[in-house]
Structures are given as structure tokens and as C-alpha cells.
Amino acid sequence: MNNFQYSRAADVADAIRLLTADPGAKLIAGGTNLIDLMKENVERPSRLIDISRLPLRNVEETDDGGLRIGALVPNSDLAYHPLIEQRYPLLASAVLAGASAQLRNMASVGGNLMQRTRCGYFYDTATPCNKRSPGSGCSAIHGLNRNHAILGTSASCIATNPSDMSVALAALGALVHMAGPSGARTTALTDFHRLPGDTPHIDTNLGAGEMITAVELPPHGFSHNYSYLKVRDRLSYAFALVSVAAALELDGNTISEARVALGGVAHKPWRSLEAESALRGQPATADQFSRAADLLLQGASTSSHNGFKIELARRTIVRTLTQAASATPQSQAHKKIA
Amino acid sequence: MNAYVGTPTSRVDGRAKVTGAAKYAGEFPADGLLHGFVVEATIPCGRIARLDTSEALKVKGVLDVLTHAKRPALADKDEAWKDEVAPEGSPFRPLYDDTIKFNGQPIALVVAEDWETAKFAATLVRVEYEQNSFATDLEGERSNAAEMDKPHEPRGDAAAGLAQADVRHDAEYVIPTEHHNPMELYATTAVWGGNGKLTVYDKTQGVQNVHKFLCGVFDRKPEDIRVISPYVGGAFGSGLRPQYQVVLATLGALALKRSVRVVLTRQQMYGLGYRPMTIERVALGARSDGRLDAVTHEAIAVTSRYEDFARNDTGWAEQLYSSPNSRFSHKLVHLDVSTPCDMRAPGAASGVCALECAMDELAIALKLDPIELRLKCYSDRDQSENLPYSSKQLRECYARGADAFGWSRRNPAPRAMRDGKELVGWGMATGVWEALQMPVAVRIVLTSNGHAEVSCAASDIGTGTYTIVAQVAADALGLPIENISVRLADSTLPQAPVEGGSWMAASSAHAVLAAAEEVRKELLRLAGKMPGSPLADAGLADTVLIDGSIVRSSDSSRAVSIADAMRHGNIERIEKEKLNQFDEDKKHARNTHSAVFAEVKVDEQLGVIRVTRIVSAVAAGRILNTKTGRSQIMGGVVWGIGMALHEETVMDHRFGRIMNANIAEYHIPVNADIHDIDVIFVDEPDAHINALGVKGLGEIGIVGVPAAIANAVYHATGKRIRRFPITLDKLLD
Ligand SMILES: Cc1cc2nc3c(=O)[nH]c(=O)nc-3n(C[C@H](O)[C@H](O)[C@H](O)COP(=O)(O)OP(=O)(O)OC[C@H]3O[C@@H](n4cnc5c(N)ncnc54)[C@H](O)[C@@H]3O)c2cc1C
Ligand code: SF4
């Protein structure tokens, strides 16, 4: 761990001022990802700007009937918030599929969106990694890549984004609100995270001096036909090999609206508008679901150890859509996959 | 009298542990304590070309940076570095010279006023290496495997037996490298006592082993160093040998003449010992009726370049299955890694896993029920020694376990049983371990108020030694358990070996009995001298201690209270120490056994595996404490589930570096992975092994569990996975 300065931001404007003044500074919220990375010398911030006490802990209804979630709402508060449980159970479920109860108590919404990849080489400063030190090479491409991406990869990086929450947010069409030196702005969550391209060291489109202030959910919560299914190497407390957030609007057995987002397969939550529109107007059947899976996985490419992910993703997509269609969502408390 | 032995007595140290009163090695305070942080090598093989500590030394609060070039003297002879359980070879010496033998090797110790400063300054130590070519991949280097001493002499002609067999099974099983990951981090607090004397609080399974080692390495007299380790937060074999942090903390204290603490990080603990990866070939030949003709078991295991660590992976069939022909071999491949070490049921956990998977495959080839096959070749003798067992209730384990599990309802066809979207599989396996016992000395100090202090250098690594020592002492001294206080794990206490091999329960219990007999002898002498003593003519063998009195066994009305006897003798305390040695019984083989039954449910589409039931029926002689004993077996079962499905240390052989050196990515089972575990202790009276008939339970719980699960996965899915752990990707397609 390096030596660093510590400041506690008085308000959002203060945080932005501190961030802008010191390009090596980093915000710290729950610290569950940043401190780990500092202990490994992967992150070496010159200054920590503590935002954990800023008043960004509310979940409020918006005028159009959606919800605005403050960037510092703890993951557990989010998952158990009555409005989230009732109107956006897909989001509650995805959050509960992540980490452990203790970590969720500390982790914030903003920090969750900003958490970095779990690629082992990224964590090990003795190995080359383009994301950690640009231009040094990607150790994973010809190395251990069982848990790496199959979609949207580049020749520079095949890392995945580890967040569960973001997958549900992508499916729900959430917006990310940011504040920065030149004012506030908003972007779709699906445009917030980036693909690695040849700049894998840049995870998101958050600009210099900017911070996340809130995440906004549009009114439609898909609270009837939804499911979040996370497939991993043990039944709990592991990052996804593949996860799927599925949300359907059904008219009888006909799909009138469909959202499917994938986790564990790409550098960002993965959606395919083509797959979703192919589902619209179709009956909710396994055949349709597997057609959608094919469209979602179009262009997937595997590395030496993650070849299984394509088939696993295909089957997980079909299962999750089936759970959603039958209104029997995956429980995150049962020791069993439904 | 047996008020406590055999009962589910709660841990006598339980309260101290859950309230935080129990202190661990890294928690002992000391005036002016300094903190050391370890700098590790980031290459697997080569030498340090340049080690620049100047920037680190400039940091405020840093007192020194110790390196091979700048440190107090260390012994230069291998003999000094060889501890009680060192394997053949030349032990690793931290900060000794500029050679790098493995990734993660300590190369410097930054000592500072506080831990954070030391940790920060450690990042400023600059190292340049001359790297040599290296190899860390067992499978890639298997052709360089060299034969060890044969685990057992061959019997008959296994190759010919196999060739002539009606039915053969011949396959390789791969067990990956695994790390212990005890909850407590390795830590040492070396307290500087002035005039060169040190009290060393260390996380270890053997304080006297560490004591002797430190005296040798630092050329000190025995009275100059004292090693204490009252509580250990799990070790599982990783603490049998002194670990490098104890050398570094002592080195720091000697260099700076101050107290120094070194606590390893979780990541650094992956530079210590581990269960070695093995490739195990098992070839079985049988007649069509199921009797075995030939057993061949060959293992190829990883070890370091500097030591030959090898355990008995292959010989277990000699104990379990009768066969006229057998051959065993254990080969080692020397790689640029640290030396492996014992890890719960070393050898057996891996070797029996391979053997028991192979037996399952043979049963399928023979169209026999797996239990029936095992009964057909059941061995009443240890074949390599040609000896009967002191006791062996394995048949009863099969019967009781099968009954509790409901085995008779099993449809033998694979993929025949299901529950909704899940395929259901039932599998079983046999477990076996040794029943060892070692010389241990115990001191008892009985005071006239009816309290006794029982002390011994043995460690309690969480297994329950404090509790069973208290139980046995309370019964032998005829006192309530509340009146017994137990002191353990201080190198100045009476002699004990390292705590391992499942030998400590039997060994410490009998040492307590021996010391208690000395106490009783003294009490009898005192009581006999009392005027008109009711015990005047009693022989020692005709007396017992009950309810605070010494009583004649043949006539319980004749008794003298401990208080009276001591008052008349005009003494306040009786202090007796006795070293207990076991008579060597050359007429019996001594083992514990188990039958493990597993139910798995496998999601047919997704390959997700759940172990929904385990029944473990264990025959291990007399169970001293059914509560801590059950916990011990449950812990072994949970670990066996991890071994079957989760645990694997993953190395990138291009760098020779472990890529999942943390417990987020190195998976062990979590609560959601654990369902029903049923532990059955089968009655196993044993008149030969020792007075109490005790065998020990530390390792037997894990043995057989991974194979039972692998066999259940085959039964569920029709897929035989021979490369562990069985992760879901291996079941897709
Ligand atoms: C063992 C373990 C297991 C885990 N398992 C899972 C899992 O299964 N699924 C999952 O989704 N997650 C998992 N996590 C990750 C966890 O969800 C994240 O660590 C957590 O969400 C981060 O939130 P935080 O508030 O602690 O972030 P911090 O650690 O405080 O910050 C993380 C990053 O976000 C930045 N940041 C924080 N707040 C803001 C803001 N408002 N605006 C801009 N930048 C900001 C920080 O500068 C930093 O770079 C796991 C973590 C651990 C340690
Ligand atoms: S996949 Fe990305 S994060 Fe991993 S080593 Fe390659 S560049 Fe680094």
C-alpha cells in the first residue's frame, strides 16, 4: 500500500473540486474494492476523497414514476428497500446475488458500478496487464482465462466486468447521473461502461473530475416476469461464470416486451437489442428463448479455457427466460437453482 | 470412573475463544513492539542481482530492512534447519543468501514502528533479478519423475495379475495443489526480554519443535528462547514445520534488540506449504466374481528442488482390499516451487480418492454394487505387514452407513434417478487412516483444595485437546471438570511432539492417565500413613479417585478424602510428571476406517452440483468426546466437499506464479454449499491399542469424501470426472 492523503468531502461540489485539483486522487465510498486494490498496489491513489458521508443515500420517486437511487445507498439497503422489492425485484435479486452480506452492507451503488475486473493478472503486479499498466501486454489472452470474456473482447484485454447489480440495471434501462467540473450530465447505463478496445485501462465513460451522484430507474420495473440467475463455481459468494437478468412483459403467452442482459461474459453488461426485438410478439417458448440466446451470443469468441461459456450462457439464458416467463424467479436465498 | 470421557462435553476453551479472551500469536502485546513486513520474490528461480533498500530506509518510522546481505547470523548447516518433521533435503533458509528458489520467497523484512509504515516501505524496496530458466508444471515435467523409496514392497506380480484378470480398470486421476487457508494468519510475536532472551509467541503445531529449531538456527541455549502458542486458529498441517515468519520475527528482534511481530498476509501464505498436486494411476484387475487379482497404484507428486516431500498416497489398498498381487510406486518431480507439506490426511486424502474412484469404476465394470465389491475383497489383515488389526469395524461402517443413507433404494443405473431439473446421484467410498500414538509427558499439580493443573507442551490446533485433557484428568483424578485447569503449548512444559497425524488424542490422554496414576500413588502413600487408615493395606491397583476421595475399588466404603490425606501428610500440593510411552505392539496393524455415502443433485442443463447429503460412518476406537469428535468429522466432510468440487491452487506456469492466492478466488465451500451431514460413530472396542481404546479422529473425516462425491456425480450424470475439482464446465456438453 502506498502513502496517501485523506480528505473528507463536505459536499458533492467539494468532492469534485478535490478530484479536479489532484489527478491522482480517488473517491472512496464503501472501500470494499478500492482498499483491496490498494493493498495489492494495483491502485496507488495520491489522495483518498471520502464521500461516504455525503447525503446521497436516498431512494426517491421521480416525477415520471421511476426511482432515483443515491450513489451512496448501500447495496443491502437497496436490495431490501420496499419500493425496490415491490417494483424492481429484478434489481433486488441481482444485488443479493453479489458478494456477501457483510460486503453488501458496506458497498455503495456508485462503487458497485465502478468496481474493477477480477482478472487475476490485473491483481498481480508481477505480471503484464494492459488494464493495470497500459502497453505491458495481456497475460490472460494466452494464459489462464477460464473466467474471461467471450463477447466484445479485444486483442488488448479479455476481462469481464464483475458487477451483478449493473446487469440488472442494464436490463431495466437505468440511467446514470453524474456531476463534474462542467456540471451535471446523464447517460444510459449501457453507455456508461466501455468495451476494452485498445484502451482497456479505461473502464467507463466517467470523465476526469466527475462522480456518480445517482442511478435512475425508469417507471417500468417488470415486477411480474423477471429473474436473475447467476451461475458460479459455488452456490454463493463467488463471481459469475455467467449471469442473466431477464425481464418480460407478457400478453397471455405472447411477449410484448423483453429485456435480457448478460454478466460475466464481457467488459460491460451485455445486451442485444436485436435479440430483444426478436422476442417481441413471439410466444414465450423455449424455442424462442434459444433463438434469442443465439442472437445474444452472436460473434462470441472464446479463449483457451473459457470455451464452455458459450454453451453455459446459452443454457442460462434459456433457463432464466423460462423462469421469468413462468413468474418463478430464481431465489437468492434457496440453496438451489430453480 | 467415567463422568466425562465419552460424553459430549463442551469445549473448555470455548468461552475464551468466542469472547475474544483467547490470545493468538499475533495478538500478544509487548513494550515498544515493532512490526515487520515481508518483501517477496516475484520470480520462481534465479538470484537477486541487486536489492536496494535505500528508499525504504528513508521512510519515517522504518528502523531497518533486513536482507541476506544485512542480518544477524544464521546457522550454515542443514542440520540446524532440520526440524522434527523435515523431509529429506536441504531446508529453505529465509534471508540466507541471494538464491531464489520459489515465487513468494521472502527476500527482505522491513521493520517499522507500525505495520502500515512497514507495509508501505516494503513497496519501496527495489529488486533486480538474474532469472534462470524454471519449471513449475507437474504435468509438463512428469517424464522427469524420480522414484522414491517404495511405499510398500510389491507382493506377487501385479502386472501379470492385471494381464490375466477377467475385468480390468486402469485410469489416471489428477488431484490439484491445494492450500490450507487456516482462518488465522501465520504470525509470530518475538518478545525481547533483554540480556538476549526471547519469548516467541508463534502460530505452530509444535512449540518444542519450533524451540529446538530456533535454538539451532540462531545458535542459542535452550533457556534463552521460550516458545508459546496457546491457541491456534487452524493449521491443518501447515504449522507442523516452523514457518519462515518465526525466523524473520526472531531475526528482527535480535537485530534491533526489540520486540518484533511479523504477520503474513493471506496472499503471502500461498508461499508456505501446500498439498502437492498428484497424478495417480490406479490399475485394478478382478475375477468376474469381484475378487481382486491385482492392484497397482502409482503416484507422481510435485516437490521442491531442495526437499523430497512424499507421503503415502498409494499403499492404502494394502489395508483395505485383499489381493494376491500388488505394486505401489511414488515418484517425485522436482520443480521451482516451495516444498509441499502435510495437509489434513496427507497422502490418504489424495491417494484414497483415486483408489476409491477406481473401485467404483471397477464395480461398474463388474456390474456389482460398490459395497458388495468392497465386501468381496474386504481384508482382515494389513497385507503389507501381514498382520491382523487391533480392531476393524469397517464392515459395520458399511452396514450402518448404508442403512442410515437408504442405500438399498439405489437404482444402480446412471442418470436413473432425478428430482425435477436435477439428476440425483448416490455414491460411496471407503476411508482409512492410521491410528498413531507418540510419547507425551504430562505434569499434574494437585492442590489440597481439590484443584488440579494439568500441563503439557502439546498444541491444541482447534481439535479439542484442552477439552479431552480436562475430561480424562477429571475422570482419573475424580474431580469435577471445573476444578481442572489445562495449560498447553509452552516449550517449557513437559515434552510433546508436534500435534498432527491424529495421534494427539490418544497420546495426551494416556499421558494424563500415567501422571494421574503417580498422583494417586502419592495420595495412597499419604492416606495409608494416616492413623487407622481404611486404605492401610490397599494396593495401588485396587484404588480409584472418585468425588474428591481415594477409594478402594473392591470396597467403596473404604475411602480417604484428598483433603484429609494431604492435611495428614502436611502438604499443600502434589506435583507429578510422567512421560508415557506406548509398548510397541508388533502383532497388530492399527487404523481407523470410515464408510462415506454421498448424495448429489446435478442440474442437468447447467451442470451445477449440490451435495445434498453425506453420511459418514466412522470406526475409530473409543470416542473421547462425541461433541468435539463429531465437529472434527463434520469439518473433514466439509473439506472433502471442497476437495471434490472447489479447491484448486491455480498457477500460471509461464510466470511460475499462483494466480488465485486469496480466498475470494481460491474457493472453499460456503454455507450455501453445505446441506445434511450425518456422522455415525460405530462402536469399536479395541483391547490391543491402548488402555482407553482410543485411535484419534483428526484426519479420517476427510478421507473418502471426495471419491464418494465423484462417484455420486458419475451415478447422477454418467460422466466420470477424474480431474479434480469437479467444476460445472467439466459436466457441460
Ligand atoms: C470478496 C468479494 C466478493 C465480491 N463479490 C461480488 C459479487 O459476487 N458481485 C458483485 O457485483 N460484486 C462483488 N464484489 C464487489 C463489491 O460489490 C464491490 O466491491 C462494491 O460494490 C464496491 O462498492 P464500494 O462502495 O465499496 O466501492 P469503493 O471500494 O469505495 O470504490 C470502488 C471504486 O469506485 C469509485 N467510486 C466509488 N463511489 C463513486 C462515485 N459515487 N462516483 C464515482 N466513482 C466512485 C472509487 O473511486 C473506486 O475506484 C465483491 C467484493 C469482494 C471483496
Ligand atoms: S484480460 Fe485485461 S485485465 Fe486481464 S491481463 Fe489482460 S489486459 Fe489485464
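For residues that are open to solvent by 40 Å² or more (accessible area, probe 1.4 Å) and at the interface with another protein chain (Cβ under 8 Å from one of its Cβ atoms), tally how many sit in region B:669-680. Final tally of qualifying residues: 2.
Note on region B:27-63: residues that are open to solvent by 20 Å² or more (accessible area, probe 1.4 Å), away from chain A (no Cβ under 14 Å) and under 25 Å from B:G194 (Cα atoms) amount to 8. Filtered by the rule that a residue be buried (at least 21 other Cβ atoms within 10 Å of the Cβ) and either within 8 Å of another protein chain (Cβ to nearest Cβ) or closer than 23 Å to B:R720 by Cβ (or both), region B:640-651 gives B:G640, B:I641, B:G642, B:M643, B:A644, B:L645, B:H646, B:E647, B:E648.
Applying a threshold of 9 Å to beta carbon distances and a minimum spacing of six or more residues, or different chains, the list of pairs starting in region A:104-123 at a residue that is closer than 26 Å to A:S136 by Cβ and charged (D, E, K, R) and ending at one that is more than 6 Å from ligand 1 (Cβ to nearest atom) and assigned to a helix (DSSP H, G or I) reads A:R116/A:L37; A:R116/A:F122.
Of the strands (runs of 3 or more DSSP E) lying entirely inside region B:162-279, the ones with 1 or more residues being more than 30 Å from B:A363 (Cβ to Cβ) are found at B:187-192, B:198-202, B:225-228, B:260-263. For region A:202-230, a residue qualifies if it is assigned to a loop (DSSP other than H, G, I, E, B) and either surrounded by 24 or more Cβ atoms within 10 Å (Cβ to Cβ) or more than 16 Å from ligand 1 (Cβ to nearest atom) (or both), and the qualifying residues are A:P218, A:P219, A:H220, A:G221, A:F222, A:S223, A:H224.
Can you tell me which of B:G635, B:G656, B:G629 is among the small types (G, A, S) and within 14 Å of chain A (Cβ to nearest Cβ)? Can you show your working first?
On the way: B:G635 fails: within 14 Å of chain A (Cβ to nearest Cβ); B:G629 fails: within 14 Å of chain A (Cβ to nearest Cβ).
Answer to the check: B:G656.
Which one of these is open to solvent by less than 20 Å² (accessible area, probe 1.4 Å) and more than 30 Å from the chain's Cα centre (by Cα): B:G406, B:G347? So that I can check it myself, show each step before the final result.
Working: B:G347 fails: more than 30 Å from the chain's Cα centre (by Cα).
Result: B:G406 is the single residue among B:G406, B:G347 that is open to solvent by less than 20 Å² (accessible area, probe 1.4 Å) and more than 30 Å from the chain's Cα centre (by Cα).
Hey, among the residues in region A:162-201 that are of a type in the set (S, T, N, Q) and out of contact with any His (no Cβ under 6 Å at 6 or more places or on another chain), which one's surrounded by the fewest Cβ atoms within 10 Å (Cβ to Cβ)? Give the derivation first.
Filtering region A:162-201 for residues of a type in the set (S, T, N, Q) gives A:163, A:166, A:182, A:186-187, A:190, A:199.
From what's left, out of contact with any His (no Cβ under 6 Å at 6 or more places or on another chain): A:163, A:166, A:182, A:187, A:190, A:199.
Numbers: A:S163: 29, A:S166: 28, A:S182: 10, A:T187: 14, A:T190: 20, A:T199: 15.
Among them, the one singled out is A:S182.
Please work out if B:A619 is more than 21 Å from the chain's Cα centre (by Cα) and buried (at least 24 other Cβ atoms within 10 Å of the Cβ). No: the conditions fail for B:A619. Considered as a group, the residues in region A:279-321 that are of a type in the set (S, T, N, Q) and facing another protein chain (nearest Cβ under 10 Å) include one that is surrounded by the fewest Cβ atoms within 10 Å (Cβ to Cβ), and that residue is A:N306.
Considering A:R132, A:R104, A:R118, A:R87, the condition of being more than 13 Å from chain B (Cβ to nearest Cβ), closer than 18 Å to A:K230 by Cα and open to solvent by 10 Å² or more (accessible area, probe 1.4 Å) is satisfied by A:R104 alone.
Of all residues being more than 14 Å from chain B (Cβ to nearest Cβ) and buried (at least 22 other Cβ atoms within 10 Å of the Cβ) in region A:136-160, which is nearest to ligand 1 (Cβ to nearest atom)? Just the residue, please. Quick ask: steps written out before the conclusion?
Initially, region A:136-160 is screened for residues more than 14 Å from chain B (Cβ to nearest Cβ), giving A:149, A:151-158.
Next, only the ones that are buried (at least 22 other Cβ atoms within 10 Å of the Cβ) stay: A:149, A:151, A:153, A:157-158.
Values: A:A149: 16, A:L151: 18, A:T153: 20, A:C157: 18, A:I158: 19 Å.
Checked region A:136-160; the qualifying residue nearest to ligand 1 (Cβ to nearest atom) is A:A149.
Looking only at region B:462-484, residues that are touching a Ser or Thr at 6+ places or on another chain (Cβ under 9 Å) and open to solvent by 10 Å² or more (accessible area, probe 1.4 Å) come to 3 in all. Checking the condition more than 14 Å from every other protein chain (Cβ to nearest Cβ) and on the phi > 0 side of the Ramachandran plot, which residue from A:G31, A:G111, A:G24 passes? On inspection, the qualifying residue turns out to be A:G31.
Against the condition more than 23 Å from the chain's Cα centre (by Cα) and not assigned by TED's automatic domain parsing to the domain that holds A:V242, how does A:V42 come out, does it pass? It is false that A:V42 is more than 23 Å from the chain's Cα centre (by Cα) and not assigned by TED's automatic domain parsing to the domain that holds A:V242.
The values are calculated or read from the model by the stated rules, or taken from the named source; none is laboratory data. Keep in mind it's a predicted model, so treat the numbers as computed, not measured. Note that each Cβ is placed from the backbone with ideal geometry, even for glycine, and that neighbours are counted across all protein chains shown. When the accessible area is computed, the model is the full protein with side chains, heavy atoms only, and any ligands, DNA or RNA have been set aside. Shrake-Rupley method; radii C 1.70, N 1.55, O 1.52, S 1.80 Å.
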